Amino acid sequence: MKSNTLYQMFLFALAGAVATVVDWVFYYIFLHVFTFKYGYMPASCIGFVFGVLVSYYISIKWIFTARNIKNRKLELIIFFIIGIIGLLLTQLFMYLFNEINPFKEITQMLSNLLSSLFVLTHEWSSRIIVTVIVFFWNFFARKVIIFNDKKV
């Protein structure tokens with residue numbers, strides 16, 4: 001891994017933190033304020049979409065200087081396809097960590113362990129784990145497919 005990649009990963013993590021705050025704010029709003037009938041799944045989806053929009057803007061403005069796709073519309077489409085795959089991963093892992101054993105048991109143990117430090121529901125423990133997993137997908141997929149030096 002080149003040092004440039006590590007620096008970009010660091011910046012992407014900072015941008016991801018901003019995008020995650022946006023994601024989680026919308027997740028919270030749709031889960032608790034609007035109290036969606038279907039619960040955490042649509043709230044997670046809506047939050048994720050807003051997070052991707054913030055991530056794209058920050059990525060093209062401050063993180064990645066190399067952009068191998070000359071057609072900006074195509075670049076945006078590919079960025080969103082990667083985001084949709086990330087969304088599918090998010091939904092899959094949210095489902096696994098909230099509904100399927102042993103994943104559900106693992107996140108419940110994490111929630112119980114951290115309950116002395118933070119007030120975390122099982123859903124929020126799952127969301128934290130899922131955010132880390134999808135971060136790595138988003139960074140490397142976008143770095144390799146969109147933001148590299150090879151022109152398409």
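The values are calculated or read from the model by the stated rules, or taken from the named source; none is laboratory data. Note that the structure is a prediction, hence the values are computed from the model and not measured. Every residue, glycine as well, gets a Cβ built from its backbone with ideal geometry; the counts of neighbours run over all protein chains shown.
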Inset, instruction - Just name the residue that is modelled with the highest pLDDT out of those in the stretch 113-149 that are among the small types (Gly, Ala, Ser) and under 13 Å from the mean Cα position of the chain (by Cα). - result: Ala141
Inset, instruction - Mind listing whichever residues of the stretch 56-103 are surrounded by fewer than 17 Cβ atoms within 10 Å (Cβ to Cβ) and touching a helix residue (DSSP H, G or I) at 6+ places or on another chain (Cβ under 6 Å)? - result: Leu89, Phe103
Inset, instruction - Could you list all residues from the stretch 66-93 that are touching a residue at least 24 places away in the same chain (Cβ under 8 Å) and outside any helix (DSSP H, G or I)? - result: Ala66, Arg67, Asn68, Ile69, Lys70
Inset, instruction - Scan Ile129, Ile81 and give me the residue that is over 24 Å from His32 (Cβ atoms) and among the β-branched types (Val, Ile, Thr). - result: Ile81
Inset, instruction - Return only the number of the condition from (1) among the charged types (D, E, K, R); (2) without any contact (Cβ under 8 Å) to a residue 12 or more places away in the chain; (3) over 16 Å from Ala19 (Cβ atoms) that Lys61 does not satisfy. - result: (3)
